[in-house]
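Read-outs throughout are calculated quantities, based only on the coordinates presented, and are distinct from any laboratory measurement. Keep in mind that what you see is a predicted model, and the values were worked out from it rather than measured. Here the Cβ positions follow ideal geometry from the backbone for every residue, glycine too, while neighbour counts run over all protein chains shown.
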Amino acid sequence: MASSSALPPSAKTRLASTALLPVALNGKVALVTGGGRGIGAAVAVRLAEEGADVALTFQQNQQRADDVVDRIKAAGRRAIAVKADSSDPAAVVEAVNRVAGELGRLDILVNNAGAFLLGPLEQLSLEDFEQTVAVNVRAPFIASQAAVRHMSSGGRIINIGSNMAERAVFPGFSLYSMSKTALIGLTKALGRELGGRAITVNLVNPGATDTELNPADGPNADTINGFTALGHYADPADVAAAVAFLASPDGRYITGATVNVDGGFTI
Ligand SMILES: NC(=O)c1ccc[n+]([C@@H]2O[C@H](COP(=O)([O-])OP(=O)(O)OC[C@H]3O[C@@H](n4cnc5c(N)ncnc54)[C@H](OP(=O)(O)O)[C@@H]3O)[C@@H](O)[C@H]2O)c1
C-alpha cells in the first residue's frame, strides 16, 4: 500500500546515517523532476545518500516536496524544491537554469515526472494526447536540452519510462505506451550524440511500483502480480537503486540503454 510519507522508513534511516561520508556522488548536483513523492522522491533521497545535492520539481504539492527537501537537508546535503509544471516548456527551462544557478552546477538530470492518462481510444481527447506528449516526451527533451548547457564530462541524463513501452498487457494504454516508447528513441539518440562529451543517457523502465499512482493494493494488483516473475510490486527504492547506479561513476560505460526494473514483467 502507498505510504502516507514521501519516503520509505529504510530510506530515512540510511539518509541519516550516510551524512557527510565520502560517497560516489559527493560534489555532484542532481535535478529530479516530479520528486515530491513516489519514485521521484525515492530517487532524490537515494542520490542524496550517495552524496549529491538535489533539486526536485513538483506540480502542485509544495508540502510533500518540502518534506523531501527537509530530509535531505537534515542529512547534510543541499536541497531545493522548485514548482515547475512539466507540461510548460518555459517552466522546465527556468527550473533547470535556476537549479544550476542556485546549486552552482548540474551533473545529473532525472526526467521522472509523468502523465498517466488512460482510456479507450475513442474516449481519449486531443487534450489528453497533448498533455501526455507534453509531460512524458517534450519535457524530457527540453529539460535535457537545457541541462546539457550546464553539464560537463561525466554528466548523466536518466529518463524514467515504463515497461508498458515494451509489453501492452492491458487495453487503454495507447497514449501512455506511445509516449514512454518515445523515450527509448530519445535515449538512444541522445546517448549517441552526447557520448563524445562523456555524458551518458539511459532509460529506466519501472514495472508496477507501489506509489499513489499505482498502489500495490489497487484494483489491478493481483493481475499485475500474476504477470510479474517476482510476484509483487516494486518499492520505489528499487527503481531508485538502478538510477543511482547509472548516475554513479561505475555506470560510466553504459549509455543509450534501457534497464527494466519490473520484477520480470517483460520477460
Ligand atoms: N508507479 C508505477 O507503477 C510506475 C510504473 C512505471 C513507470 N512509472 C513512471 O514513474 C514516474 C513516477 O511515477 P510515480 O508512480 O512515482 O508517480 P506519483 O506517485 O503520481 O508521483 C508523481 C510526482 O510527479 C509530480 N508530477 C506529476 N505531474 C507533474 C508535472 N506535470 N510537472 C511536474 N511534476 C509533476 C508530482 O507532483 P505533485 O506532488 O505536486 O503532484 C509528484 O511529485 C512516472 O514517469 C511514471 O510514468 C511509474
Residues with amide H under 5 Å from that of Asn205, placed H, sequence gap 5 or more: Gly161, Val259, Asn260, Val261
So how many Å³ per residue does the convex hull of the Cα atoms of the range 68-138 work out to? 105 Å³
Report the percentage of all Cα-Cα pairs in the range 23-261 whose separation exceeds 32 Å, rounded to a whole percent. 14 percent
At Asp66 and Leu124, where each label point lies 7 Å from the Cα along Cα→Cβ, what is the point-to-point distance in nanometres? 3.7 nm
So what's the back-of-envelope 222 nm ellipticity for the chain, counting only DSSP H runs of four-plus at -39500 (n - 2.57) apiece and dividing by all residues, rounded to 500? -12500 deg cm²/dmol
In the chain, which whole DSSP H runs stretch at least 15 Å along their own axis (Cα) and average 0.0 or higher on the Kyte-Doolittle scale? 38-49, 89-103, 174-194, 236-247
Under 14 Å from the Cα of Lys73 - aspartates and glutamates, other chains or at least 8 residues apart: Glu49, Glu50, Asp53
Counting alpha carbon pairs within less than 8 Å and at least 6 residues apart, what relative contact order, in whole percent, applies to the chain? 19 percent
Mind checking the dipole of the chain: about its Cα centre, +1 per Lys or Arg Cβ, -1 per Asp or Glu Cβ, Debye to the nearest 20? 1000 debye
List the aspartates and glutamates whose Cα sits under 12 Å from the Cα of Lys83, skipping any in the same chain fewer than 8 residues away. Asp66, Glu94
